[in-house]
């Protein structure tokens, strides 16, 4: 960019009407268009208690994205953002992509199955698809990342024929070649045994 050009880009709105601060239409009701959508797919209210209205998220995505945007949701919850992006693409022929990030335990029980169901069929009732031809062509990939704490507790080091877990070691030296461990069975014994092994 030239010296006089601003790094900030201002884009004109997509609609003639500006988006309002307060959205009060019935389509934004989380009970009717959040919870009821999930229960129609076969999920229970206990699986995910407070899903957002699909139309609230869809209108938010529409307001800030183009047809080729990548939408990032760091708190994916039940997967409403993913479904909203698919709905918008189906409506306007867009090619938006989405990235969902979720660390809640319900990911495998709600988020991932919901996205799979929406790909298969856009309409559901009592946990069964209403229209099997309303699905979309879709490639989905998901990654499971291990937390730092999980990684530490999953460390196993073998020394002198005994497997040590992460709570039994003192650490590595700077080069990482010599492992020093203190083995303390529970309850703590009177004498501490010190063992070293190369790893």
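The values are calculated or read from the model by the stated rules, or taken from the named source; none is laboratory data. All of these numbers come straight from a predicted model, not from anything done at the bench. So basically every Cβ, Gly included, is an ideal-geometry build from the backbone, and we count neighbours across all protein chains shown.
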Worksheet item: How about region 20-74: which of its residues are in a loop (DSSP other than H, G, I, E, B) and in contact with a strand residue (DSSP E or B) (Cβ under 9 Å, 6 or more places away or on another chain)?
Response: 41, 42, 65, 68, 69, 74
Practice prompt. Test residue 152 against the criterion of being modelled with pLDDT under 90, part of a helix (DSSP H, G or I) and either surrounded by 13 or more Cβ atoms within 10 Å (Cβ to Cβ) or under 23 Å from the mean Cα position of the chain (by Cα) (or both), and give yes or no.
Written response: yes
Practice prompt. Could you tell me whether any residue of region 94-103 is within 16 Å of residue 116 (Cα to Cα) and either crowded, with 20+ Cβ neighbours inside 10 Å or touching a residue at least 60 places away in the same chain (Cβ under 8 Å) (or both)?
Written response: yes
Practice prompt. Hey, can you tell me all the residues within region 75-104 that are outside any loop (DSSP other than H, G, I, E, B), over 23 Å from residue 43 (Cα atoms) and touching a strand residue (DSSP E or B) at 6+ places or on another chain (Cβ under 8 Å)?
Written response: 97
Worksheet, complete the sentence: Picking from 67, 58, the residue that is within 19 Å of the chain's Cα centre (by Cα) and at pLDDT 90 or above would be 58
Worksheet item: Looking at region 16-45, which of its residues are loosely packed, with under 13 Cβ neighbours inside 10 Å and under 15 Å from residue 77 (Cβ atoms)?
Response: 45
Response to the item:
Log entry, pairs with first residue in region 62-75 being in contact (Cβ under 8 Å) with a residue 24 or more places away in the chain, second being surrounded by fewer than 17 Cβ atoms within 10 Å (Cβ to Cβ) and assigned to a helix (DSSP H, G or I), beta carbons closer than 7 Å, six or more apart or on different chains, reads 67/92
